[in-house]
Amino acid sequence: MTAQSTTNNKLGKLYAGLSEIERARLLARLWREKNGAELDRLRTSVPDDRAGKAYNEALAALRGLNSAFVLYQFMYLRTGFDRDFFAFHTLQIPHHEEGSARDVLNRLSDLLSYPVTQSEYTALVKRERATLLAVEDWADLIWGEEDLRPELQGLMTEYHDPYSYNEMSAEEREALLARYYARVGEEVRAAIDRDELPKPRKAPKSASIHATPDTIWLPAGALSDWAKGTTEETYPVTAGDAAPAIELFHGSTMKCEVLPDSEAGQVKARRAKLRDVLLQIGRYSLHIPQDRLDSLSFEPTRNEREWRRASDFVATLWKASDDGLNRDEALRSLMTEFAGRKATLRVLTDIIGTLQREIFGDEDSLDTDARKLLENAWESAKPTEEVLSLFHKMPLAPGVTEPWPELDDEAVYAQLRPFYEQHIRAGAQE
């Protein structure tokens, strides 16, 4: 008998004397090391049917843990997590573009001007001063302003400052505002009684559905002259008063540049140029469909009805901008998909841990390639979970009551865990 044969016999006897758990641990180690010769020796040294059954169960589990089923799951999950990460940033790109564009537009509105002729401006002032306002709406317009007449300035001290700088509950803020509106109404009624303001007018046809029979309607010019000391010559109008399209580009407070009627051609040319520039921003940075932008007019509206119609159309473009992104809806879908993937990865990881403890005596039951794939999958999940979890710390958008989806789906885990474990224990044979 050769020395090699003697060694083989000794190892065979050693393997035959191992306990079931020792044999399973050795099986896992030899598999991990890809030592085919010793695996064969271990297999042939199994002493009896009972030991052979335990060996076969361990071998089936080992094959299942390192099967194509498990390896493809690891690769699929890693690719999915990478996809989630890039999908998140793809969603953020237009959001950041829009935010940056609106920030620039806010700054530009203080630098740019909206050109109008003297005749256009005169008609605009007359129209704006004649516009009927509900006193409650007007109270919103002067909220927080300075240089008001003394009784109104006193209301700002009494109501605006505490509202802005004190900690209050939502109910306390609502009650404070109700008192503010009531007090403004009292001051207006007193001014009407003193003939400082004209008698109330009939509610316009466009009156808000929230208006009541007691609502006071007065011309905007009369209210401004009484509260701020303006006149027809000093009454402030802005680009947004002339053309609601300007509002879409944060230029509603843009100043009007009044030019002589003799320069009407230049005025229209400048408005056209302003329109071209802003529409490019709307198309490429605010992501508003071009066919919707093409309907925007930057020409001064001629009456209140035309202004309201243009303003309603602008409101649809704000919605078109939001719908074009559908960011929150897409984020919710992304979170749900991520949660399912993470639950699946947790199922596989927990099954590996369970079988490793129960069958292989804590010996690593994955070969080096499979272990690396598992680690890579978890590493790919981390950055996406970090960015998505930030939304759980932020308040929901106004009107939204549904919380953000959790980032680990327990229902998916409960559904997959028994099926996957049974499949892997049996060798994961298709």
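Give me, ordered by chain and number, the residues 5 or more places off THR117 or on other chains with an amide H under 5 Å from its own placed amide H.
When sequence neighbours closer than 5 places are left aside, the close amide H contacts are LEU259.
Calculate how many DSSP beta bridges within the chain are antiparallel, expressed in % of all such bridges and rounded to the nearest 5.
Numbers: 4 of 9 bridges.
The antiparallel fraction comes to roughly 45 percent.
Which entries in LYS126/LYS228; LYS228/LYS273; LYS126/LYS199; LYS205/LYS268; LYS202/LYS255; LYS126/LYS255 show an alpha-carbon gap greater than 26 Å?
On the way: LYS126/LYS228 17 Å; LYS228/LYS273 35 Å; LYS126/LYS199 19 Å; LYS205/LYS268 32 Å; LYS202/LYS255 31 Å; LYS126/LYS255 17 Å.
Beyond 26 Å: LYS228/LYS273; LYS205/LYS268; LYS202/LYS255.
Based on other C-beta atoms within 10 Å, arrange MET168, MET335 from fewest to most.
Details: MET168 12, MET335 23.
Least to most surrounded, the residues fall as MET168, MET335.
I need the phi-derived Karplus couplings for region 384-394: 6.51 cos²θ - 1.76 cosθ + 1.60, θ = phi - 60°, integer Hz, Gly and Pro marked x.
Those phi angles translate into 5, 5, 4, 6, 5, 5, 4, 5, 5, 8, 9 Hz.
Check which residues have an amide H placed less than 5 Å from TRP404's amide H, if you skip close sequence neighbours.
Here nothing satisfies the definition.
What aspartates and glutamates does LYS342 reach when the alpha-carbon gap must be under 16 Å and sequence neighbours fewer than 8 apart in one chain are set aside?
Within the straight-line cut-off, LYS342 pairs with ASP82, ASP84, ASP350, GLU375, GLU379, GLU385, GLU386, GLU406, ASP408, ASP409, GLU410.
Of PRO405, PRO115, PRO260, which has the largest mean-square fluctuation in a 10 Å C-alpha GNM of the chain?
Sorting by GNM fluctuation, first place goes to PRO260.
If Lys and Arg each add +1 and Asp and Glu each add -1, what is the summed charge of the other residues whose beta carbon sits under 12 Å from the beta carbon of MET75? Show your work: numbers first, answer last.
Values: positive: ARG78, LYS372; negative: ASP82, ASP369.
Combined, the nearby Lys, Arg, Asp and Glu give 0.
Please find, in a Gaussian network model of the chain (springs between Cα atoms separated by less than 10 Å), the residue of GLU385, GLU363, GLU146 whose mean-square fluctuation is greatest.
Largest GNM mean-square fluctuation: GLU146.
When the Karplus curve 6.51 cos²θ - 1.76 cosθ + 1.60 is applied with θ = phi - 60°, which whole-Hz ³J(HN,Hα) does each residue of region 20-29 get, with x for Gly and Pro?
Working through the residues one at a time gives 4, 5, 5, 5, 5, 5, 5, 4, 5, 5 Hz.
Considering only the other residues whose Cβ falls under 14 Å of the Cβ of ALA175, what net charge follows from Lys and Arg at +1 and Asp and Glu at -1? Walk me through the intermediate numbers first.
Details: positive: ARG173, ARG179, ARG183; negative: GLU158, GLU171, GLU172, GLU174.
Counting the neighbours of ALA175, the net charge comes to -1.
I need the phi-derived Karplus couplings for region 302-313: 6.51 cos²θ - 1.76 cosθ + 1.60, θ = phi - 60°, integer Hz, Gly and Pro marked x.
Couplings: 8, 8, 5, 4, 5, 4, 5, 5, 5, 5, 5, 5 Hz.
Under a 5 Å amide H to amide H cut-off, with H placed in plane at 1.01 Å, what residues pair with TRP217 once short-range neighbours are removed?
For TRP217, whose amide H was placed from the backbone, the distant partners under 5 Å are ARG201.
Report the local net charge at THR253: Lys and Arg +1, Asp and Glu -1, summed over other residues whose C-beta lies under 13 Å from its C-beta. Walk me through the intermediate numbers first.
Numbers: positive: ARG107, LYS255; negative: ASP110, ASP241, GLU247.
With Lys, Arg at +1 and Asp, Glu at -1, the neighbours total -1.
Pick from GLU145, GLU167, GLU196: which is most flexible by mean-square fluctuation in a GNM of the chain where alpha carbon atoms under 10 Å apart are linked?
Its mean-square fluctuation being the largest, the pick is GLU167.
Coordinate-derived values only; no laboratory data. Predicted model, so just to flag it, every value in this text is computed and none were measured. All Cβ positions, even for glycine, are placed from backbone atoms using ideal geometry, and neighbour counts span all protein chains on display.
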